[in-house]
Amino acid sequence: MKAFEIKKGIYWVGAIDWDLREFHGYQTQRGSTYNAYLIIDDKITLVDTVKHYLFDEMLERIKSIIDPAKIDYVVSNHSEMDHSGALPDIMNICKNATVICSPNGKDNLEKHFDVNSWKFKIVNTSDEINIGKHTLFFVLMQMVHWPDSMATFIKDEKLLLPNDAFGQHIASYERFADELGLDIVFEEAKKYFANIILPYSRQASKAVSEIDKLDIDMIAPSHGLIWKGNVNQIIKAYKSWDANETKEKAIILFDTMWGSTRKMALAIYKAFEEKNIHVEFRNIKTTHISDIMTHLIDSKYICIGSPTLNNTCLPTIASVLNYIKGLNPKNRLGLVFGSYGWGGQAINEIETAFKELSYTIIDTIKVQYVPSDEYLNKMKDDLKNKLP
Ligand code: FEO
């Protein structure tokens with residue numbers, strides 16, 4: 001396993017998790033990477049580590065450049081275990097190294113590992129550490145993704161190492177985004193934001209404003225591909241997602257028992273289609289919720305439908321509502337629909353969820369048992385009249 005030089009004397013020494021298909025509820029069809037970076041300078045510095053079970057891979061890549069015992073500094077930008085899992089193992093090898101982290105980083109590392117023998121240097125925003133030819137500059141990025149998160153910026157190289165921010169879950173041979181294909185990398189970056197960063201969009205907006213003041217020509221996140229030559233594009237995308245900006249776009253999200261709620265979903269689809277509004281049609285049984293979020297994040301209209309089962313909505317839809325409430329996309333218009341037999345309580349539950357999210361409900365449509373073609377046609381026309 002080789003190290004990969006991303007800038008002169010600065011190497012990617014991370015690990016590729018080809019088999020990863022699930023990451024705390026997020027479906028990772030393309031696998032992932034945990035990116036660690038080795039800076040060869042007067043003070044040899046390792047920025048971040050990898051998941052514990054990929055320690056040997058990271059070590060082999062480091063050994064292709066230097067003796068790991070010579071590492072002087074280990075920067076821990078974020079203490080979540082996909083980046084810190086291999087920290088105890090590397091600290092066992094470079095026993096004289098100092099861990100550099102944020103104040104919350106030290107607190108969190110103490111609650112994860114036995115750190116009694118570790119030396120720490122705590123940094124805050126705008127602190128600098130000279131390591132020889134290079135100077136490390138730090139920017140705290142609280143809640144992007146945890147309270148401890150921070151970015152390390154190598155000023156003279158214009159290289160930002162922001163950990164989770166700007167990352168994507170992709171396992172690949174390629175290291176740079178443009179080598180793999182920008183469409184794929186941007187889509188995965190959007191999915192990553194929608195499923196990981198979105199609940200903290202206010203904090204992310206603040207952090208991105210700080211980052212935008214820096215003179216950056218490369219962003220090397222801790223997951224996926226490195227942004228080189230596309231830095232402005234990904235920062236612009238983050239600003240839009242941070243701001244909860246939406247498009248004239250709808251997502252219809254539903255489950256169905258006997259096909260009636262699906263028929264209603266199709267009538268809703270036709271209404272948007274006839275108004276020339278981009279519309280996504282997603283059955284929760286066939287699209288994973290983490291992929292639904294990639295579409296939902298920039299959809300102005302969120303339409304959720306469920307039949308009523310056991311006096312409530314289907315468990316799939318209850319799970320979706322729970323997930324969306326947690327991620328908390330803001331400033332949307334909601335549409336509630338569903339077929340029912342006698343109670344119709346699913347409708348109330350979706351409406352309640354939308355109210356908790358502070359969405360304006362543009363329509364609530366419920367049908368007993370099976371909607372006729374005539375009903376569906378009228379339903380479509382009525383909805384069209386409510387759309388711009
Ligand atoms: Fe990739 Fe929040 O850890």
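The values are calculated or read from the model by the stated rules, or taken from the named source; none is laboratory data. Given the structure is predicted, the values throughout are model-derived calculations rather than measurements. No Cβ is skipped: glycine too gets one built from the backbone with ideal geometry, and neighbour counts run over all protein chains shown. Side chains included, ligands, DNA and RNA excluded: accessible areas come from the protein's heavy atoms. Shrake-Rupley method; radii C 1.70, N 1.55, O 1.52, S 1.80 Å.
Annotation: lysines with alpha-carbon distance below 24 angstrom to Lys43 (same-chain offsets under eight excluded): Lys2, Lys7, Lys8, Lys63, Lys70, Lys95, Lys106, Lys119, Lys121, Lys133, Lys155, Lys158. A 1.4 Å probe run over the protein chains yields, for the chain, 42 Å² of accessible area per residue, whole-number rounding. Near Leu140, once Lys and Arg are set to +1 and Asp and Glu to -1 for all other residues with Cβ below 11 Å from its Cβ, the sum equals -2. Ligands, DNA and RNA aside, Tyr200 has an accessible area near 60 Å² when probed at 1.4 Å. Once backbone amide H atoms are built at 1.01 Å from N, Phe176 has Ile226 as its partners under 5 Å, excluding neighbours fewer than 5 places away on the same chain.
Return one number: the angle in degrees, 0 to 90 and rounded to the nearest 10, between the long axis of the Cα atoms of helix 260-274 and the longest principal axis of the Cα atoms of the chain. Rounded to the nearest ten degrees, it is 80.
Taking a ≥ b ≥ c as the square roots of the eigenvalues of the Cα gyration tensor, the range 314-361 is oblate, since a/c reaches 1.5 or more and a/b is not larger than b/c. Helix 103-112 and the longest principal axis of the Cα set of the chain meet at an angle near 80°.
Which shape class, rounded, prolate or oblate, goes with the range 210-350 when its Cα gyration tensor gives a ≥ b ≥ c as root eigenvalues, a/c under 1.5 marks rounded, and past that a/b bigger than b/c marks prolate? In terms of gyration-tensor shape, prolate.
Accessible surface for Ile6 stands near 20 Å², nearest 10, in the context of the full protein assembly shown (1.4 Å probe).
For a straight C-alpha distance cut-off of 23 angstrom, the lysines reachable from Lys325 (same-chain residues fewer than eight places away being disregarded) are Lys190, Lys191, Lys206, Lys239, Lys247, Lys249, Lys285, Lys300, Lys355, Lys366. If a spin label sat at a point 7 angstrom from the Cα of Phe120 along the line to its beta carbon, the backbone N atoms of the range 38-60 nearer than 18 Å would be those of 48-49.
Between 0 and 90 degrees, the angle of helix 373-386 with respect to the longest Cα principal axis of the chain falls at about 60 degrees. Of the solvent-accessible surface of the range 1-95, computed with a 1.4 Å probe and all protein chains present, 51% belongs to carbon and sulfur. Residue separation of Glu179 and His112 scaled by 0.36 nm, minus their Cα-Cα distance, works out to 20.5 nm of gained length. For the chain, the mean residue ellipticity at 222 nm estimated from helices alone is -10000 deg cm²/dmol, where every DSSP H run of n ≥ 4 contributes -39500 (n - 2.57) and the total is divided by all residues, rounded to the nearest 500. Surface composition of the range 266-388: carbon and sulfur atoms hold 48% of the protein heavy-atom accessible area at a 1.4 Å probe. Electrostatic tally near Ala220: other residues with Cβ closer than 13 Å to its Cβ, Lys and Arg +1, Asp and Glu -1, net -1. Rounded to the nearest 10 square angstrom, His288 shows an accessible area of 60 square angstrom against a 1.4 Å probe. Under a Cβ-Cβ cut-off of 13 Å, what is the net charge of the residues other than Asn230 that fall near it, where Lys and Arg count +1 and Asp and Glu count -1? Summing Lys/Arg as +1 and Asp/Glu as -1 gives -2. Comparing the chain with the 2.2 N^0.38 Å rule of thumb, its C-alpha radius of gyration ratio is 1.13 (two decimals).
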